[in-house]
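Reviewing the structure listed below.
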Amino acid sequence: MASEQPATSQPSSSASSIMEVSESFDIKATYLKFLEDDKEMTMPVAAIETLVTLLGITQPSTSYELIKILENATQSLKKSVKNSISLSAGCDLFMRFVLRNIHKYGDWDSCKRHLVANGRLFVERAKTAREHIAENGLPFIRDDDVILVLSYSRTLHSLLLNASKKRIRFRVIVTESRPSNKGSLMAKVLREAGIPVSLVVDGMMGYVIDKVDKVFCGAEGVAESGGVINHIGTYQLAVLARNANKPLYVVAESHKFVRLFPLSPSDLPTEFPVQFSITEPEYELERSPRVDFTPHQYITALITDLGVLTPSGVSEELIKMWYD
Amino acid sequence: MSDLTLKTLTHHHKSDKDIFFQIDTFISQLKRRQITGSNDVGMATAHLLVRFVSAARWTHIDSLISDLRLLGKRLIAAQPREFACGNMVRRVLALIREEIHGNNENGIDNKGLSSSSPLITSMFNLLSTEDKSIETANNEKKTGRDLKPYIIEGIQELIEEIRNIEDSIAGMSVEMIHENEVLLTPSPNSKTVLEFLRRASQKRKFSVLVTESFPNETEIAHAFAKKLAKAGIETVIIPDSSVYAVMSRVGKVIVGARTVLANGGCISASGIALACEAAKNHKTPVLAVTGVYKLSPLYPFDVESLIEVGNTGKVVDFSDKDMVENVEVMNPTYDYVAPENIDIYVTNIGGYSPSFIYRLVLDHYSSEDNKL
């Protein structure tokens, strides 16, 4: 995966003191702990929280130091976590925010104070973003709809829950989504909310596609083209939906927009590329890619906290953030 | 007078009964379909808004905004499928909000982070500081009396925009139409299309196939063809059923739109979706000519609710007893054209691809007014 920041392989000697502090701070553990403690937290937000915590501990005294710390931390976090697409969206957003705003405060110190003090606020806002999406997406779900849903997504979960709370009567078909089996979780939480659900195996997508009115999925990351990086199986579902002329809606928070431009699923970093062998390898099915990339032409619309966007709207938001 | 009564509109002076009378007249005209079509409805709404704002007295700009929203709601309820009135009200609201926002920008520009230029708000929403308090405090100070001339001027500009729409779109026609091209238009009811072709005919020689548009616009189609012929354009009227058959010889399909929706699709007269579908099958480019005032911030969540069903007497004569008793007859008056079936929107501010329409919507409307 192409990382956005210029590679700073070794810290310069002037920054050695910084490195000491950040070495004593296990960035990966902190990141994973954030995700563990708050099940509602998404990966980009956890990454932002981790960086904020780091800033609170290291107390950099110059803005150069601050930037250096953040750069190094971002690098090591991206390297240490396997599925780094989503978290790199958070790191990049935070980095960009710091760089853009450091000069806006008269002194950079108050900038840092703001960032550290508002740690919890970011998490709250990320949750509000989800609520926004639940509102923006509401009119897409109508009475008597049959909705095909892939795997589990917190945003999609909150949207469907909101729709059911507003007394819209719809039914959901959830795909099992191997190998993570997150589909079973989705089916469970939706049934608990009183929504009629049918859980189907992944191979049944084609069997049910004619029976559904629309297809929904979440996203791990939204690429610059407007295509989405999501749990494995999204691509085939999208192609199927296009073939059957069913709309595919992606629900994603805007902090998942990431500056990547993959052209095919194989452009994504994976631990387990496709391999051939004549002997039976161990755990073959467990060792398969967990995410795939769905190109933008298959997506009808993205339901985000910024509103309902066409895929080309994503690049515009990213351009607004990075090049002006 | 239903919910927009003198009581609810306390901000208007009691002596301004005149304006309420005008609102009611307009609403009845909408209901009775005495005013129809985006152009006329848009124009009438804009004129009403000028009078409404001139008559309004407000101590706080928010009260004007809420009055306008209420007015918009009533107009939309009177004729839900005439999108132009909702669009006009929303445009004026966006204008007012922009005016307030602009004033605030100057006011608190040195307050720090959050007043960074309004463009960069979006993705940074997650991280930026909350400065709503400052904004509202600032709003309180602006009593908005001085805004009135700006608002009225803005609406006048809107009226000018609608008035000159044909002219500004037609200006682009020469670039779009080639010499000796065969064009097909299934929208004989569109003034914009007529002007577009007429203007092109001054510099180009081409022929136009006009669909008969049975049953709702057959007479209009004949009149339209006559006008084209008078302008020296080689014109052929074809039955609707032969649209697919002739498509292989057609260079471009030119359609008008009643409303352009936020996803890039549009609502237009019935028969147009068929022509666009046939065009797609033959990879023939489809040009939709439309004014920006027809742009609606709404999303077609439920296509069927957008389409009106008209008089079936036009399809089958009511005196035909055997038919009327035994056959179910339908006459939908509009069509929904999906964004994939349109190649370019030619508007008074330039040509745009359907996937860019959402951006135009964001530029012209403020999202808080999408739902009045």
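With only Lys, Arg, Asp and Glu charged, each at its Cβ (+1 for the first two, -1 for the last two), find how big the charge dipole of region B:166-364 is about the Cα centre; round to the nearest 20 debye.
Around 960 debye, computed over region B:166-364.
Can you give me the Rg/Rh ratio for region B:153-252, using Cα atoms for both radii and the Kirkwood formula for Rh?
1.03
If you count the DSSP beta bridges with both ends in region B:241-372, what percent of them are antiparallel, to the nearest 5?
Antiparallel bridges make up about 55 percent of those DSSP assigns within region B:241-372.
What's the total accessible area buried between chains B and A, using a 1.4 Å probe, rounded to the nearest 100 Å²?
Roughly 2700 Å².
Determine ³J(HN,Hα), in whole Hz, for all residues of region A:53-68 in sequence, where each value follows from phi through the Karplus function 6.51 cos²θ - 1.76 cosθ + 1.60 and θ = phi - 60°; x replaces Gly and Pro.
For region A:53-68, the Karplus-derived couplings read 4, 4, 4, x, 7, 6, 6, x, 9, 10, 5, 4, 4, 4, 5, 4 Hz, x marking Gly and Pro.
With the cut-off at 23 Å, report for region A:130-322 the share of all Cα pairs above it, as a whole percent.
41
Each residue of region A:295-307 in order: what ³J(HN,Hα) in whole Hz does its phi give by Karplus 6.51 cos²θ - 1.76 cosθ + 1.60, θ = phi - 60°, with x for Gly and Pro?
Each residue's phi maps through the Karplus curve to give x, 5, 5, 8, 9, 6, 7, 9, 9, 10, 6, 8, x Hz.
Mind listing the long-range amide H neighbours of A:ALA301? Cut-off is under 5 Å, sequence gap 5 or more, other chains count too, H placed in the peptide plane at 1.01 Å from N.
Here the answer is A:LEU248, A:VAL250, since their amide H atoms fall under 5 Å of that of A:ALA301.
Once you've got the Cα coordinates, tell me which of B:LYS191/B:LYS230; A:LYS246/B:LYS314; A:LYS127/B:LYS371; A:LYS33/A:LYS182; B:LYS191/B:LYS314 are over 26 Å apart.
A:LYS246/B:LYS314
Just flag the trypsin sites (Lys or Arg not before Pro) in region B:173-225 sitting in loop per DSSP whose Cβ has no more than 10 other Cβ atoms within 10 Å.
B:LYS203
On C-alpha positions alone, give me the angle between the axis of helix A:85-101 and the longest principal axis of chain A, in degrees, nearest 10.
For A:85-101 against chain A, the angle is about 40 degrees.
Quick one: among A:GLN236, A:GLN275, A:GLN297, which has the greatest mean-square fluctuation in a GNM of chain A with alpha-carbon springs under 10 angstrom?
So, out of A:GLN236, A:GLN275, A:GLN297, the one fluctuating most is A:GLN275.
Find which of B:ILE152, B:LEU184, B:MET172 sits farthest along the positive direction of the dipole of region B:149-192, computed with +1 on the beta-carbon of Lys and Arg, -1 on that of Asp and Glu, about the Cα centre.
It is B:LEU184.
For chain A, take the longest principal axis of its alpha carbons; what is the angle in degrees between that and the long axis of helix A:182-192, to the nearest 10 within 0 to 90?
70
So what's the back-of-envelope 222 nm ellipticity for chain A, counting only DSSP H runs of four-plus at -39500 (n - 2.57) apiece and dividing by all residues, rounded to 500?
-14500 deg cm²/dmol
Normalized C-alpha radius of gyration of region A:140-249, against 2.2 N^0.38 Å?
In units of the globular-protein estimate, region A:140-249 measures up at 0.98.
So what J values fall out for region A:277-292 if you push phi through Karplus, 6.51 cos²θ - 1.76 cosθ + 1.60 with θ = phi - 60°, rounded to Hz, Gly and Pro as x?
3J(HN,Hα) across region A:277-292, in whole Hz: 7, 9, 9, 7, x, 6, 6, 4, 6, 5, 8, 9, x, 9, 10, 9.
Indicate the residues belonging to region A:289-310 that lose 50 Å² or more of solvent-accessible heavy-atom surface (probe 1.4 Å) upon moving from the chain alone to the assembly of all protein chains, ignoring ligands and nucleic acids.
Buried by 50 Å² or more upon assembly, which counts only protein chains, are A:THR310.
Check each residue of region B:289-318 and keep those whose accessible area, probe 1.4 Å, is at least 20 Å² smaller with all protein chains in place than in the chain alone; give them in order of residue number.
B:TYR299, B:PHE301, B:ASP302
About the Cα centre of region B:260-372, how large is the charge dipole given +1 on each Lys and Arg Cβ and -1 on each Asp and Glu Cβ? Please answer in debye to the nearest 20.
Magnitude of the dipole: close to 520 debye.
Which of A:ILE57, A:ILE69, A:ILE141 moves most in a GNM of chain A, Cα contacts under 10 Å?
A:ILE57
Under the Kirkwood approximation applied to all pairs of distinct alpha-carbon atoms, what is the hydrodynamic radius of the protein assembly as shown in Å?
Result for the protein assembly as shown stands at 28.4 Å.
Looking at region A:134-224, which trypsin sites (Lys or Arg not before Pro) are DSSP coil and have at most 11 other C-beta atoms within 10 Å of their C-beta?
The qualifying sites are A:LYS166, A:ARG167.
Which angle from 0 to 90°, rounded to the nearest 10, does the C-alpha axis of helix A:108-117 make with the longest principal axis of chain A?
40
With unit charges on the beta carbon (Lys/Arg positive, Asp/Glu negative), name the residue among B:VAL292, B:SER366, B:ILE23 whose Cα is farthest towards the positive pole of the charge dipole of the protein assembly as shown.
The Cα lying farthest towards the positive end belongs to B:ILE23.
Going by the alpha-carbon gyration tensor, a ≥ b ≥ c the square roots of its eigenvalues, is region B:166-364 rounded (a/c under 1.5) or, if a/c is not under 1.5, prolate (a/b greater than b/c) versus oblate?
Cα axes put region B:166-364 in the oblate bin.
Taking the Cα centre of the protein assembly as shown as origin and charging only Cβ (+1 Lys, Arg; -1 Asp, Glu), how large is the dipole, in debye to the nearest 20?
1060
Considering only DSSP beta bridges where both residues belong to the protein assembly as shown, give the percentage that are antiparallel (nearest 5).
Here the antiparallel bridges make up roughly 35 percent for the protein assembly as shown.
With a cap of 14 neighbouring Cβ atoms within 10 Å, and only residues DSSP puts in a loop, list the trypsin sites (Lys or Arg not before Pro) found in region B:16-105.
B:ARG32, B:ARG33, B:ARG57
Pick from A:MET95, A:MET204, A:MET43: which residue has the top mean-square fluctuation in a GNM of chain A where Cα pairs under 10 Å get a spring?
Greatest mean-square fluctuation among the candidates belongs to A:MET204.
At a 1.4 Å probe radius, carbon and sulfur cover how many percent of the accessible area of the protein assembly as shown?
For the protein assembly as shown, the apolar C and S fraction of the accessible surface comes to 52 percent.
The values are calculated or read from the model by the stated rules, or taken from the named source; none is laboratory data. None of these values were measured; they are calculated from a predicted model. Note: ideal-geometry Cβ built from the backbone for every residue, glycine included; neighbour counts use all protein chains shown. Side chains included, ligands, DNA and RNA excluded: accessible areas come from the protein's heavy atoms. Shrake-Rupley method; radii C 1.70, N 1.55, O 1.52, S 1.80 Å.
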